[in-house]
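Report on the structure given below.
The values are calculated or read from the model by the stated rules, or taken from the named source; none is laboratory data. On a predicted model such as this, the values are computed, not experimentally measured, just so you know. As a convention, Cβ positions derive from the backbone with ideal geometry for all residues, glycine included, and neighbour counts pool all protein chains shown. Accessible surface is based on the protein model in full, side chains and every heavy atom, while ligands, DNA and RNA are left aside. Shrake-Rupley method; radii C 1.70, N 1.55, O 1.52, S 1.80 Å.
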Amino acid sequence: AARAEAEAARVETAQMRSEREGLAGRMPLHEADKELLRRELVAAREAAAHEQVAAAAMCQAANEEVLALRGQLARERRAADTALADAQRQTDVLRVRLDREASGALCCVVSELVS
């Protein structure tokens, strides 16, 4: 990757040198330099605009992922709340049943003691 970037930079430098020389043949050197700089500025602005669009797309994708995760979290939270409520109801039912059985057993013990 580094070699490819270095090669691309070398090619770009050679192209700019060629453009400058070509422009210099048609206009004064300082005008050629200004034209080359103007072209570089336009290219840099275009590159920045493309990067901005790419960054906006990445932000949009990240926002969509966050929304999806929030939705998943809400569903899981509701499922956990439902499971907890079910467990509490079952505990209450078992507590009532245990109280009844204990009360019945106590009645039996008391009647055995009385008789």
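Annotation: Glu101 fulfils all but one of (1) modelled with pLDDT under 80; (2) open to solvent by 80 Å² or more (accessible area, probe 1.4 Å); (3) not small (Gly, Ala, Ser); the unmet one is (1). Taking (1) open to solvent by 60 Å² or more (accessible area, probe 1.4 Å); (2) within 30 Å of Thr13 (Cα to Cα) in turn, Leu73 satisfies each apart from (2). The residue that is modelled with the highest pLDDT, counting only those in the range 1-50 that are surrounded by 10 or more Cβ atoms within 10 Å (Cβ to Cβ) and basic (Lys, Arg), is Arg45. If Val53 meets every condition in (1) open to solvent by 80 Å² or more (accessible area, probe 1.4 Å); (2) more than 30 Å from Glu12 (Cα to Cα) apart from one, which number is that one? So the condition that Val53 fails would be (2).
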